[in-house]
1. I'd like the FRET efficiency for Gln65 and Thr85, computed as 1/(1 + (r/R0)^6) with the beta carbon distance as r and R0 of 25 Å, rounded to 0.05.
2. Using θ = phi - 60° and the Karplus relation 6.51 cos²θ - 1.76 cosθ + 1.60, list the HN-Hα couplings for region 82-89 in order, rounded to whole Hz, with x at every Gly or Pro.
3. What is the gain in length, in nm to one decimal, between Cys46 and Leu34 on full extension, counting 0.36 nm per residue of separation less the C-alpha to C-alpha distance?
4. Determine by what factor the alpha-carbon radius of gyration of region 43-103 differs from 2.2 N^0.38 Å, reporting the quotient.
5. Taking amide H positions as placed 1.01 Å from N in the peptide plane, with prolines and chain starts having none, which residues 5 or more places from Leu75, or on another chain, fall under 5 Å of its amide H?
6. Show me 54-66, 37-49 ranked by packing, highest mean number of other Cβ atoms within 10 Å first.
7. Enumerate the lysines that Lys35 could reach by cross-link, defined here as Cα to Cα under 23 Å, with residues fewer than 8 away along the same chain left out.
Amino acid sequence: MTATSSSHAVPLKTRKIDGKETTTVTNTNTAEGLKNSLASGLASFCAKALLQPFDTIKTVQQYHQYLDDNNNKALTFIQAVQLITKRKHGIAELYAGFFATAL
């Protein structure tokens, strides 16, 4: 059995409680909203995980350009990657600060 209110269909559920039939409304809007929230959160996390190394490289390039203000010589993309991966944790350094920004 289905009832409609304005533009949304609201499913009705009929069940017996203590021998009496009762009709309850199931709230699909809440479930749908939760599903959409989780999907958008997962999409944001994946996008951040994919783009984090590029953000780290850009930050290192900007920092070194700031340090070498007199020379006006910026690091190339490859030079920045090499500089970052020579650090203590190697290639994992590309994800430095990932969890702080992902939250």
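1. Computed FRET efficiency for Gln65 and Thr85: 0.80.
2. Computed from phi, the couplings for region 82-89 are 4, 4, 5, 6, 7, 5, 3, 9 Hz.
3. The Cys46-Leu34 span can extend by a further 2.5 nm.
4. Values: Rg = 12.7 Å, N = 61, 2.2 N^0.38 = 10.5 Å.
Ratio of Rg to 2.2 N^0.38 Å for region 43-103: 1.21.
5. Counting only residues 5 or more places away or on other chains, the set is Gln65.
6. Working: 54-66: 14.6, 37-49: 11.0.
Top of the packing list down: 54-66, 37-49.
7. By straight Cα distance, Lys35 reaches Lys13, Lys48.
Here, each number is a calculation from the coordinates, and none is a lab measurement. All values derive from a computational prediction rather than experimental measurement. As a convention, Cβ positions derive from the backbone with ideal geometry for all residues, glycine included, and neighbour counts pool all protein chains shown.
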